[in-house]
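Report on one structure; see the data block that follows.
The values are calculated or read from the model by the stated rules, or taken from the named source; none is laboratory data. Quick caveat, the model's predicted, so the values are computed rather than measured. For neighbour counting, all protein chains shown are included, and Cβ atoms are generated from backbone atoms with ideal geometry for every residue, glycine included. Remember, those area values only see protein heavy atoms, side chains included, never the ligands or the DNA or RNA. Shrake-Rupley method; radii C 1.70, N 1.55, O 1.52, S 1.80 Å.
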Amino acid sequence: MLKIVVCVSGGGTNLQAIMDAIDNGKITDTEILAVISNNAGAGALERARNRGIQAICMSPRSYSDREAFDQAFTDRISELAPDLVVLAGFLVKIPPQMVRAFSNRIVNIHPSLIPSFCGVGYYGLKVHEKVLERGVKVTGATVHFVNDGMDEGPIIAQKPVMIEENDTPEILQRRVMEQAEWILLPQAIDDIANGRLEIRDNHVYRL
Ligand code: GAR
């Protein structure tokens, strides 16, 4: 059984997709130990509570400085002892000591085709604003393992999504979620739970 902790900052539609996939058997052999958010008002915490999953809030603002938060956050996750940490719209930089402690055991969903439209300043709706500003014709989503770079870890899977006329950032965000994110992230978790992935030389191979 793969024990996971899901970290979220906002509404939690990706968390919902994971919970639904566990219910309908698209993800097998997986249990959510807890959901953690940096934001007490996150809809995701409500979604977790409604399902009887432990919902934890840890905000950097409640700590004297960033180092204190980083250590407390890493300690809290370590106490939960998950096999995998899933960043499902988590907009806080993962502390370096946590990346080391959970090497190749943290995955992230990003709403673009990495290495385009990623890195510092590219998160949530901002990604889709920049995509439309640039006028690209195809965007998408990427699920990847987390290393100490920003959106630079080994890529597990990607899915393209076409830009359409009259797209706004909000419309495009929704389409990228529906056509890519809510499919890719549950699939990647199921692949990991069933031992189908191997990482070698910063590449992910399907066994
Ligand atoms: C998702 O689009 C996710 O890809 C993005 O935040 C959104 C969260 O939505 N993540 C990032 O931008 C990470 N750099 P959700 O709370 O409804 O799942």
Sorted by chain and number, the residues with a modelled amide H under 5 Å from that of THR30, at a separation of 5 or more or across chains, are LEU2
By the Kirkwood definition, with r running over pairs of different Cα atoms, the chain has a hydrodynamic radius in Å of 17.3 Å
Counting only protein heavy atoms and rolling a 1.4 Å probe, one gets per residue an accessible area for region 1-148 in Å² of 45 Å²
On the accessible surface of the chain, probed at 1.4 Å with all protein chains in place, carbon and sulfur together account for a percent value of 47 percent
Classified through the alpha carbon gyration tensor (a ≥ b ≥ c as square roots of its eigenvalues; rounded if a/c is under 1.5, else prolate when a/b is larger than b/c, else oblate), region 1-107 comes out oblate
Inter-part gap, Cα centre of region 30-76 to Cα centre of region 129-207, in whole angstrom, is 24 Å
Projected onto their principal axes, the Cα atoms of region 102-202 stretch, largest extent first, over whole-Å spans of 42, 25, 18
For region 118-207 the GluC sites (Glu not before Pro) that pass both the DSSP coil test and the at-most-12 other-Cβ-within-10 Å test are GLU164, GLU165
Going residue by residue through region 138-147, the Karplus relation 6.51 cos²θ - 1.76 cosθ + 1.60 with θ = phi - 60° gives ³J(HN,Hα) values, rounded to whole Hz and with x marking Gly or Pro, of 10, 10, x, 9, 9, 10, 8, 6, 9, 10
Ordered by number, the trypsin sites (Lys or Arg not before Pro) in region 115-207 that occupy a DSSP loop and have at most 14 other Cβ atoms within 10 Å are LYS137, ARG196
Mean separation of Cα contacts under 8 Å (at least 6 apart) over the residue count of region 5-65, i.e. the relative contact order in percent, is 36 percent
So, relative contact order of the chain in percent, Cα under 8 Å, 6 or more apart, is 20 percent
Over 22 Å (Cα to Cα) among LYS137/LYS159; LYS3/LYS126; LYS93/LYS137; LYS126/LYS159; LYS130/LYS159; LYS93/LYS159 -> LYS3/LYS126; LYS93/LYS137; LYS93/LYS159
For the chain, the dipole about the Cα centre with charges only on Cβ (Lys and Arg +1, Asp and Glu -1), to the nearest 20 debye, works out at 40 debye
